[in-house]
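Q: Below you'll find the structure I mean.
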Amino acid sequence: MAMETWIIRSNPVKQLFLGCLITATGIVLAYGFRHFDASGMTNSLSGFLLGLLLLFIGLAALVSNNRRIVAVDPDAREIRISDKSRFREKNCTIRFDDIDHAYISRLGNSNDGSPSFDVVLKLTNGENYSLFRAAIFDGAFNFDIMEGRRTKLLHYLGKEDAPRVFE
């Protein structure tokens with residue numbers, strides 16, 4: 001039985017919402033801590049600067065509007081990754097033969113809040129390629145969903161017996 005092309009798309013609506021939330025938080029902090037005393041480094045100055053930082057990060061997320069599409073094509077034996085933003089479009093193709101294995105990567109830990117997860121390809125040339133880190137994907141904060149994606153990817157690659165690697 002032939003496998004169909006598996007396509008996974010990022011969620012631009014969630015990214016827009018997150019950009020708006022970060023921008024609004026930055027505005028509230030910058031406005032709320034705008035009266036800082038210049039005689040020393042105070043908590044108000046720190047709050048103001050944090051607000052400005054969040055404001056710029058949120059605006060960058062809103063302006064760039066990154067979208068990523070990952071297509072796993074078993075017939076062509078390749079993975080096609082398309083990154084689009086308002087300013088550029090980048091396409092990448094990774095052949096199945098160039099993939100050594102796939103593993104789950106974790107950003108953050110439970111002490112810092114909710115960790116996010118990603119499926120990373122370990123290429124035969126030693127490089128790592130992150131499949132889902134460049135944009136916001138549904139399930140990024142759920143290990144089981146990302147492990148399911150890794151398992152399905154290994155099935156497409158014909159490497160079901162690959163060891164579970166967590167780096």
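The values are calculated or read from the model by the stated rules, or taken from the named source; none is laboratory data. Only a predicted model underlies this, so the values are computations on that prediction, with no experimental measurement involved. With ideal geometry, Cβ positions are generated from the backbone for all residues, glycine too; neighbour counts draw on all protein chains shown.
Q: Which condition breaks for Asp112 when tested against (1) surrounded by fewer than 16 Cβ atoms within 10 Å (Cβ to Cβ); (2) under 20 Å from Asp83 (Cβ atoms); (3) modelled with pLDDT under 90?
A: Condition not satisfied by Asp112: (2).
Q: Take region 116-140 and flag every residue that is in contact with a Gly (Cβ under 9 Å, 6 or more places away or on another chain) and either at pLDDT below 80 or more than 25 Å from Ala61 (Cα to Cα) (or both).
A: Within region 116-140, just Gly139 meets the criteria.
Q: Could you check region 141-167 and list, in sequence order, the residues that are modelled with pLDDT under 80 and either of a type in the set (Asp, Glu) or under 22 Å from Leu18 (Cβ atoms) (or both)?
A: Listed by number, the residues that qualify are Glu160, Asp161, Glu167.
Q: Moving on to the next point. What are the pairs, 6+ residues apart or on separate chains, where a residue within region 87-101 that is under 16 Å from Ala71 (Cβ atoms) has its Cβ under 8 Å from a residue that is outside any strand (DSSP E or B) and among the basic types (Lys, Arg)?
A: Close Cβ pairs satisfying both conditions: Arg95/Arg77; Phe96/Arg77.
Q: Something else: Name every residue in region 1-29 that is surrounded by fewer than 14 Cβ atoms within 10 Å (Cβ to Cβ) and either assigned to a loop (DSSP other than H, G, I, E, B) or not hydrophobic (A, V, I, L, M, F, W, C) (or both), in order of residue number.
A: Passing the criteria: Met1, Ala2, Met3, Glu4, Thr5.
Q: Related question: Only one of (1) crowded, with 16+ Cβ neighbours inside 10 Å; (2) free of Cβ contacts under 8 Å to residues at least 24 places away in the same chain; (3) of a type in the set (Asp, Glu) is not met by Asp73, so which one is it?
A: (2)
Q: Quick check on Leu54: is it crowded, with 17+ Cβ neighbours inside 10 Å, over 23 Å from Glu127 (Cβ atoms) and at pLDDT 90 or above?
A: Yes: the conditions hold for Leu54.
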